[in-house]
Amino acid sequence: MNSILDFSRAKRAEQPIVLIAAYDAQMARLLAGTDADAILVGDSVAMVVHGHPSTVHATTSMMAAHTAAVRRGAPDVFVVADLPFLSTRSGRDAAVLAAGELMRAGASAVKVEGLRGHEDVIAHLVESGIPVMGHLGLTPQSVHQLGGHRVQGRTPEAAARLLADAATLERLGAFALVLECVPAELAAAASRAVAIPVIGIGAGAATDGQVLVLADLLGLDAEFRPRFARRYVEGHEIVRESVNAFVRDVRAARFPAHEEVLA
Ligand code: KIV
């Protein structure tokens with residue numbers, strides 16, 4: 001993806017969009033060498049990297065530092081950065097300042113969770129030249145209000161509300177939308193209802209694209225196994241086995257070998 005225009009082109013061409021959440025320069029460099037379409041500097045960084053219990057702990061400066069690192073690792077990749085908890089709830093000026101910090105750090109666009117109560121902020125960001133990706137369904141920044149990381153949109157009322165919100169986001173100028181943890185049928189309906197691409201996570205197979213957190217895809221966490229996140233490798237085992245092999249080599253005086261010793 002070179003710009004937001006490529007997102008709508010991909011949807012029109014029925015080309016599934018693949019977004020990967022990553023947070024540092026090294027992983028961004030690796031992702032730049034893959035066929036993934038874009039990198040999301042998700043506020044899940046607060047949990048995955050910083051060890052917090054929820055994304056509520058992400059701050060604008062945390063997001064800016066990780067966005068800058070990802071941009072250094074992947075200078076030519078489309079990068080979306082999450083606007084953190086409450087940054088759209090203190091008025092338009094505060095949101096523009098936070099979004100500006102992320103854009104100056106290297107983001108190509110920002111992602112905003114939720115909609116109701118900050119419609120004007122989203123419209124203002126778009127009018128200010130800041131591409132906005134929406135995020136509906138399970139919005140983890142509201143985890144305390146939602147009562148946990150639970151599937152959303154299960155009742156007819158909640159489903160209708162979500163479809164209305166997707167349409168509003170499109171009308172406000174969002175260029176794409178992440179839909180997290182909703183029934184597959186509802187995600188399919190949302191994808192049909194709007195012209196902007198809907199990128200799913202835990203939202204079934206009929207969306208216009210998929211996003212996964214790189215650490216989940218690589219199986220880096222032995223315990224965290226959400227049903228929707230396919231593991232392509234048991235990364236935590238590779239790390240443990242590699243480090244233990246190193247420990248064994250050091251203790252058995254097999255490391256460093258002759259060719260690893262500097263002259
Ligand atoms: O923060 C994040 O990684 C996200 C994805 C799970 C969509 O928002």
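All of the numbers you see were taken from the coordinates with simple rules; none came from a lab. Just so it is clear, the model here is predicted, and its values are computed rather than measured. No Cβ is skipped: glycine too gets one built from the backbone with ideal geometry, and neighbour counts run over all protein chains shown.
Descriptive notes on the structure:
- Taking 25 °C and 0.890 mPa s as conditions, the range 19-136 diffuses translationally at an estimated 176 µm²/s according to Stokes-Einstein applied to its Kirkwood radius (Cα pairs).
- Hydrodynamic radius by Kirkwood, which averages 1/r over all alpha carbon pairs of the chain, in angstrom: 19.2
- Between amide H atoms placed 1.01 Å from N, distances below 5 Å from Leu40 occur with Ile20, Ala21, Ala22, Val80, all of them 5 or more places distant or on a separate chain.
- The spread of Cα positions in the range 97-202, taken along each principal axis and listed from longest to shortest, comes to 39, 30, 23 Å.
- Of every Cα-Cα pair in the range 119-172, the percent that sits beyond 13 Å: 65
- Size descriptors for the range 210-250 (Cα atoms only): Rg and Dmax, in that order, 12.4, 43 Å.
- GNM top mover of Val182, Val121, Val250 - the chain, alpha-carbon springs below 10 Å: Val250
- Mean ellipticity per residue at 222 nm, deg cm²/dmol - from DSSP H runs of n ≥ 4 across the chain, formula -39500 (n - 2.57): -12500 deg cm²/dmol
- Our note on the geometry: Cα centres of the range 74-116 and the range 1-60, 13 Å apart.
- Max mean-square fluctuation residue, GNM over the chain, Cα-Cα springs under 10 Å, options Arg116, Arg161, Arg104: Arg116
- Summarising the amide proton neighbourhood of Ser87: residues at separation of 5 or more, or on other chains, whose placed amide H is nearer than 5 Å comprise an empty set.
- A straight line joining the Cα centroids of the range 207-263 and the range 154-201 runs 36 Å.
- Taking the chain and dividing mean pair separation by its residue count, relative contact order in percent (alpha carbons under 8 Å, at least six apart): 16
- Local electrostatic count, His236, Cβ distance below 12 Å [Lys/Arg +1, Asp/Glu -1]: -3
- Share antiparallel - DSSP beta bridges, the chain, percent rounded to 5: 0
- Cβ-based net charge around Asp43, under 13 Å, with every Lys or Arg adding one and every Asp or Glu removing one: -2
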